[in-house]
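Report on the structure given below.
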Amino acid sequence: MMTRKDFEEIAETIRLNSHVVGRSEDFDNGAYYAGRTIARDLVRVLQRSNPRFDVKKFLSACGIDNE
């Protein structure tokens, strides 16, 4: 079973990599959008691991707006 620490480390990894890419409109944001897609896809896996998993909190920790 995954722990809160595991979830936090995953979110931090995604957040740190999203910041490397940046969000400038003049920059190719492909990697940022890939990171966002990966985070959203991971939500399904992480929810199965812990039924109390908080999707909004995880996405926020990833640095991803909850759209």
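Readers should treat all values here as calculations from the given coordinates under stated rules, not as data from a laboratory. This structure is a prediction, so every number in the text was calculated from the model and none was measured.
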Extension length gain for Val45 and Ser60 (0.36 nm per residue less Cα distance), in nm, is 3.7 nm
Taking 0.36 nm per residue of separation between Tyr33 and Asp6 and subtracting their Cα-Cα distance, the length gained on full extension comes to 7.5 nm
